[in-house]
Amino acid sequence: MKGIFALLLSILMFIPMSVHSLPGEEEAPSNPMPAYLSVTGVVTQVDDYLGVDEALMEGWRYIRIEDENGGPVTLLTTDQTCYTGPKDMKPGDTVAGYYDALAPMILIYPPQHTIKVLAVNLPDSQSVKVDRFSIWSDGPEGFYVSDDGMLAFKVDETTEIRSLHASMFNGNFDGLHLAVIYDISTRSIPAQTTPIAVIVL
């Protein structure tokens, strides 16, 4: 019996240890869940949105698009949607819709997203980042960094600053959800930029 136990013990000694980290070893950092996801495509149809009483709801529309994979997607814009371009869209326009990553989504086909930010015919030279931003404590003074750590910005006198309903905003951006429109940025992580516009959502 002792011989069998000794044999089993010797076998166990040669079995590879678990892949879990040993004490003192660092685990690879995990990327945080993005606050917003996006879908990009070409407008195929724009329809008014009717309420439960069949009344036209001001500012609400269904925007049907063909996404980058050629599939149909419906974007629902509301009176709380922020536009970075013209609100009057037509078939053939290019749009990028940003929606809450944690918002419940109805299981229908084609998929439908309620859009928080809609970029319309954005120039190729420009980009939009929608996220929550905080003071960049370990970065250069005056910068704010996105929660996913991919973009940091600092405003100057050329930056347009406004709130969702186009009123001016003069406070700081710490902890706020923003749409940051920018062109030139560094090739670092996070990329650093002086934005064209900052919209407080």
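Read-outs: derived from the displayed coordinates by stated rules, not from any lab. In this text, all values refer to a predicted model and were calculated from it rather than measured experimentally. Glycine gets a Cβ as well: all are built from the backbone with ideal geometry, and neighbour counts include every protein chain shown.
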When Lys and Arg each count +1 and Asp and Glu each count -1, what net charge do the other residues less than 15 Å away from T194, Cβ to Cβ, add up to? -3
Sort the following peptides by mean Cβ neighbour count (other Cβ atoms within 10 Å, averaged over residues), highest first: 186-196, 98-108. 186-196, 98-108
If each Cα of region 36-120 is one equal point scatterer, what is log10 of I(q)/I(0) from the Debye formula at q = 0.14, 0.25 Å⁻¹? -0.43, -1.39
With bins 10 Å wide starting at 0, give me the P(r) of region 127-200 over every alpha carbon pair, in whole percents. 21, 61, 17, 1
What is the projected area of the convex hull of the Cα atoms of region 63-201, averaged over all directions, in nm²? 9.4
For L176, list long-range residues whose amide hydrogen, built 1.01 Å from N in the peptide plane, is under 5 Å from its own amide hydrogen. F133
Within region 80-189, report the GluC sites (Glu not before Pro) that DSSP leaves as loop and that have at most 13 other Cβ atoms within 10 Å. E141, E157
Region 100-157-region 174-201 distance, computed between alpha-carbon centres (Å): 8
Quick one: Karplus J couplings for region 45-55, per residue in order, coefficients 6.51, -1.76, 1.60, θ = phi - 60°, nearest Hz, x for Gly and Pro? 6, 10, 10, 5, 10, 10, x, 4, 9, 6, 8
Roughly what would the spin-label model give for M105 and D67, points 7 Å off Cα along C-beta, in nm? 0.6
